[in-house]
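K.L.:
Would you mind keeping the following structure in view while I ask a few things?
The values are calculated or read from the model by the stated rules, or taken from the named source; none is laboratory data. Just so it is clear, the model here is predicted, and its values are computed rather than measured. Cβ coordinates were reconstructed from backbone atoms using ideal geometry, including for glycine residues, and neighbour counts include every protein chain displayed.
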Amino acid sequence: KAGVTQTPRYLIKTRGQQVTLSCSPISGHRSVSWYQQTPGQGLQFLFEYFSETQRNKGNFPGRFSGRQFSNSRSEMNVSTLELGDSALYLCASSLVLGRAQETQYFGPGTRLLVL
Amino acid sequence: QKEVEQNSGPLSVPEGAIASLNCTYSDRGSQSFFWYRQYSGKSPELIMFIYSNGDKEDGRFTAQLNKASQYVSLLIRDSQPSDSATYLCAVNSPGNTGKLIFGQGTTLQVKP
């Protein structure tokens, strides 16, 4: 079974631009969570989507948004990029089946550099 | 107090030894606990999950959970240089579906 895939793997943007990252979950997984990882803050939860609905959101500004499509693929968007948005953005998928919904499998990540 | 705490290390052990990684968490409502391994420049890889008090073994790895003490640990037996990585402890956030709270990670170095 193929794992979680994320595109693109690397991005370089300048301040003020916007960026869209894509995530395809493991086949059969319907929940997608997004995290930001930085050396200083570690892994921080951004939001989670299930059935095209955002179920949970972390403490990030409104510049960070996301969506999920009917095939469970998800995108996240960051508008008006700031230098501090440079990070590894990770997508994780999970089954929505009892306890298994909490076991998350990560994709390879998208490394974003904002100049 | 951080929600999930780990000693950042580095923890250095000789090849063949047992590495012991520890994690404490603050929310008594957490019910699911995970250990991820992350190599430098890579994404986290799930190693173990544990839900019940006690030990859970998988190959060279043993996860231990003590909910009364709010403590989770990971033992790696017969440590290999390839085990050198950062180990992340994660717990579920009660009432927040899809949210895992991560510790800062412990860096493990296994010396040949």
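K.L.:
Is at least one residue of the range B:37-48 farther than 24 Å from A:Gly107 by Cα and not acidic (Asp, Glu)?
P.N.:
No, the conditions are met nowhere in the range B:37-48.
K.L.:
Identify all residues within the range A:70-81 that are under 22 Å from A:Gly3 (Cβ atoms) and either in contact with a Lys or Arg (Cβ under 8 Å, 6 or more places away or on another chain) or surrounded by 13 or more Cβ atoms within 10 Å (Cβ to Cβ) (or both); write none if there are none.
P.N.:
A:Ser72, A:Arg73, A:Ser74, A:Glu75, A:Met76
K.L.:
Next question, about the same structure. Working only within the range A:65-80, note down all residues that are within 14 Å of another protein chain (Cβ to nearest Cβ) and in contact with an Asp or Glu (Cβ under 7 Å, 6 or more places away or on another chain). Before you say what the answer is, go through the steps one by one.
P.N.:
Step one: list which residues in the range A:65-80 are within 14 Å of another protein chain (Cβ to nearest Cβ), which gives A:66, A:68, A:72, A:74, A:76.
Residues satisfying the conditions are A:Gly66, A:Gln68.
K.L.:
What is the one condition in (1) more than 10 Å from chain B (Cβ to nearest Cβ); (2) among the basic types (Lys, Arg); (3) under 12 Å from the mean Cα position of the chain (by Cα) that A:Arg9 does not satisfy?
P.N.:
(3)
K.L.:
OK, next. Return yes when B:Asp27 is within 14 Å of chain A (Cβ to nearest Cβ), at negative phi, of a type in the set (Asp, Glu) and touching an Asp or Glu at 6+ places or on another chain (Cβ under 9 Å) and no when it is not. Can you show your working first?
P.N.:
Values: within 14 Å of chain A (Cβ to nearest Cβ): yes; at negative phi: yes; of a type in the set (Asp, Glu): yes; touching an Asp or Glu at 6+ places or on another chain (Cβ under 9 Å): yes.
It is true that B:Asp27 is within 14 Å of chain A (Cβ to nearest Cβ), at negative phi, of a type in the set (Asp, Glu) and touching an Asp or Glu at 6+ places or on another chain (Cβ under 9 Å).
K.L.:
Part of a strand (DSSP E or B), buried (at least 20 other Cβ atoms within 10 Å of the Cβ) and away from chain A (no Cβ under 12 Å): is that true of B:Leu74 in this structure?
P.N.:
Yes; evaluated as a whole, the condition is true for this residue.
K.L.:
Taking into account only those residues within the range A:43-56 that are more than 9 Å from chain B (Cβ to nearest Cβ) and part of a strand (DSSP E or B), which is nearest to B:Val91 (Cα to Cα)?
P.N.:
A:Leu46
K.L.:
Does any residue of the range A:85-98 turn out to be within 13 Å of chain B (Cβ to nearest Cβ), surrounded by fewer than 13 Cβ atoms within 10 Å (Cβ to Cβ) and farther than 15 Å from A:Arg111 by Cα?
P.N.:
The answer is yes; a qualifying residue exists.
K.L.:
Please verify whether the range B:95-107 includes one or more residues that are surrounded by 20 or more Cβ atoms within 10 Å (Cβ to Cβ), more than 10 Å from every other protein chain (Cβ to nearest Cβ), touching a Lys or Arg at 6+ places or on another chain (Cβ under 6 Å) and under 25 Å from A:Gln37 (Cα atoms).
P.N.:
no
K.L.:
Listed residues A:Gly40, A:Gly28, A:Gly62; which is part of a loop (DSSP other than H, G, I, E, B), in contact with a Leu (Cβ under 9 Å, 6 or more places away or on another chain) and either away from chain B (no Cβ under 12 Å) or surrounded by fewer than 21 Cβ atoms within 10 Å (Cβ to Cβ) (or both)?
P.N.:
Of the residues listed, the single one that is part of a loop (DSSP other than H, G, I, E, B), in contact with a Leu (Cβ under 9 Å, 6 or more places away or on another chain) and either away from chain B (no Cβ under 12 Å) or surrounded by fewer than 21 Cβ atoms within 10 Å (Cβ to Cβ) (or both) is A:Gly28.
K.L.:
Out of curiosity, is A:Ser70 modelled with pLDDT of 95 or more and within 17 Å of B:Asn92 (Cβ to Cβ)?
P.N.:
For A:Ser70, the condition - modelled with pLDDT of 95 or more and within 17 Å of B:Asn92 (Cβ to Cβ) - is not met.
K.L.:
Residues that are surrounded by 13 or more Cβ atoms within 10 Å (Cβ to Cβ) and over 15 Å from the mean Cα position of the chain (by Cα), at least 2 per element: which strands (runs of 3 or more DSSP E) completely within the range B:1-69 meet that?
P.N.:
Correct list: B:11-14.
K.L.:
Among the residues of the range B:77-97, write down those that are in a loop (DSSP other than H, G, I, E, B) and not small (Gly, Ala, Ser). Show your work before the answer.
P.N.:
The first filter runs over the range B:77-97 and keeps only residues in a loop (DSSP other than H, G, I, E, B), leaving B:77-80, B:84, B:93-97.
Listed by number, the residues that qualify are B:Arg77, B:Asp78, B:Gln80, B:Pro94, B:Asn96, B:Thr97.
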